[in-house]
Amino acid sequence: MKQRRALRKPINDDSVERVAPKRPYVLVTDAGHENPPFKRLDQPTGFLMDRISIRGGKILNGSIQISGAKNAALPLMIASLLTAKTLILRNVPRLADVNLLLRILRNHGVDMMVEGKRAKQDESVGETIHLSARSIVDTTAPYELVSRMRASFWVLGPLLARCSEAKVSLPGGCAIGTRPVDLHLMALEQLGANIEIEGGYVVARAPKGLRGNRIVFPKVSVGATHNALMASTLARGETIIENAAREPEISDVAECLNKMGARVSGIGSSTLQIQGVEELGGADHMVLADRIETGTYAMAAAITGGDVLLKGARADHLDAMLLALRQAGVKVEADGSGLRISRNGNRLYPINIDTLPYPGFPTDLQAQLMALMTMADGVSTIRETIFENRFMHVQELARLGADIALAGDTAHVRGVDKLMGAQVMATDLRASVSLVIAGLAAEGETVLHRVYHLDRGFETLEAKLQACGASVERLTAG
Ligand code: EPU
């Protein structure tokens, strides 16, 4: 990776307004979006040009309901392809990525119904979605859809397992790294699939059906584990997946698959055993709480020196992050209702962190932690070991006055006394929210451009922050 050194001197070039181009260029983001979901490249819209204005300096106090996890909801929705019966998913977050995946699944023939709101229903609880793939009408996932969201590539395993063939576009690279799919393909080949790459598509065939096997991943991959796990539920015989990802979202999917009649054991460990079954049935499943959203609001509370209760948060999924916060001098209290995060005037201490697969410190919280450490009392070291290019937020944090030096995969963050508001650009989902966190602590106004990145993964972000006293406002263009 090209080494960059962020400017030590704060740049607050507010005089330069970055205007969204008339024909937005192709920008592939962390989940693979080339452009905002549902918008064509030749249709610049107000949606594209929405901005978020943050007036920093307000101390966050109050409570925030944590939404269902995006990274569990997406594979759970994809699991609906494995059965002709109805899969009911509850607490599905209202996100652009969820809407895009619904569209992709509809293309394969999945019928869907979103339950209407009941009287007195808590607005903060996610949606209930019924998905029924009675028959798969199309086993092709086209480039136009897959290129907008990487996780949609995970339809490959379930389609192949159910229909003995699938043709899914290669997702391509993205803003945070090259993100190959070799491990997904290796796993499906181990299950007996014949795989060819034709015209940018993965064409997988298993005319006699998939058969169980031992899959040993040389590297931990969340997506490849999802693909292998889902495919093997319908393979003949036993599959053992070794060096499987252990993220809580994988366990959530495995538990839902078991409710559907699958036989998965070893859930939560790095070795999953799956006894294949003839067919799967329906199920009713509640999406687990989003640990990345939890961590994000925890950092937001901490940077403002506030006191916030994160309702429904699962502390047991966030050990590494909570340890880091405690080391930084933030008070963390967990009880049955969630997590309380407070830093009433205490100083922030610098910390050293490497991102790692679960249960290590999540790469999806690296940018947010960096935002917090910009105000720590000393130099923090943050090493990104999962993705090779996940430091795009560094230049933007520097615009707010952060002092960050990059050396290969490591960022050295020297805490500053204050950040100053500026115009900043969102580059991917987690990077964008790190700029919101920094903006909450910065003096004056921070304006975040390209807000559609945030809408992919954070449900009602402005409302949740406003309810705790933050001055955050969406500026809708057009
Ligand atoms: N990798 C390979 N070959 C493969 C697959 C992955 O080399 O076939 C590499 C990747 O390039 C990367 C590493 O393995 O260096 C880990 O990638 P992984 O497959 O685990 O990532 P993913 O499944 O594509 C999911 C999340 C990401 C999260 C990563 C890591 C979803 C929808 N996406 O991606 O979440 O960062 O795991 O935890 O679950 C986000 O939500 O913002 C996001 C990017």
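Tabulated data
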item: Positive-pole candidate from PRO171, ALA254, MET425, dipole of the chain, charges at beta carbon; result: MET425
item: Cβ-placed point charges (K, R +1; D, E -1), dipole of region 300-403 about Cα centre in debye, nearest 20; result: 240
item: P(r) tail fraction, region 311-376 - alpha-carbon pairs more than 21 Å apart, %; result: 22
item: Exposed-site-free run, longest, the chain (rule: chymotrypsin sites (Phe, Trp or Tyr not before Pro); DSSP loop; at most 16 other C-beta within 10 Å); result: 39-478
item: Farthest toward positive dipole pole in the chain [+1 Lys/Arg, -1 Asp/Glu at C-beta], among LEU309, PRO350, MET77; result: PRO350
item: Pairwise Cα inverse-distance average, inverted: Kirkwood Rh of region 231-329 (Å); result: 15.6
item: Overall Cα dimensions of region 261-382, principal axis frame, Å, largest first; result: 59, 29, 18
item: Relative exposure of GLU189, GLU278, GLU115, judged by other C-beta atoms within 10 Å (fewest first); result: GLU278, GLU115, GLU189
item: Separation of the THR178 and ASP138 label points, Cα + 7 Å toward Cβ, nm; result: 3.2
item: The chain, relative contact order in percent, only Cα pairs under 8 angstrom and at least six apart counted; result: 23
item: Surface/4 estimate of mean projected area, convex hull on alpha-carbon atoms of region 278-320, nm²; result: 4.7
item: Taking ASP364, ASP319, ASP417 and counting other C-beta atoms within 10 Å, the order from fewest to most; result: ASP417, ASP319, ASP364
item: For region 121-275, average projected area of the Cα convex hull in nm²; result: 10.4
item: Loop trypsin sites (Lys or Arg not before Pro), region 333-376, which have at most 15 other Cβ atoms in a 10 Å radius of their Cβ (DSSP); result: ARG347
item: Convex hull of Cα atoms in region 346-444, direction-averaged projection (nm²); result: 5.9
item: Sorted by Cβ density within 10 Å, fewest first, the residues ARG326, ARG214, ARG51; result: ARG214, ARG326, ARG51
item: Candidate aspartates and glutamates - alpha carbon under 18 Å from LYS167, same-chain residues fewer than 8 apart omitted; result: ASP138, GLU144, ASP182, GLU189, GLU196, GLU198
item: Check: region 317-360 dipole with +1 on Lys, Arg Cβ and -1 on Asp, Glu Cβ, in debye; result: 260
item: Cα point-scatterer Debye curve for the chain, base-10 log of I(q)/I(0) at q = 0.08 Å⁻¹; result: -0.46
item: Relative contact order (percent, whole number), region 238-303, Cα cutoff 8 Å, 6+ residue spacing; result: 33
item: MRE, 222 nm, helices only [DSSP H, n ≥ 4, -39500 (n - 2.57), over the chain, to nearest 500]; result: -8000 deg cm²/dmol
item: Debye, to nearest 20: dipole size of the chain, +1 on Lys, Arg Cβ, -1 on Asp, Glu Cβ; result: 280
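All of the numbers you see were taken from the coordinates with simple rules; none came from a lab. Please read all numbers here as calculations on a predicted model, not as lab measurements. Neighbour counts are summed over all protein chains in view; Cβ atoms, including those assigned to glycine, are modelled from backbone coordinates with ideal geometry.
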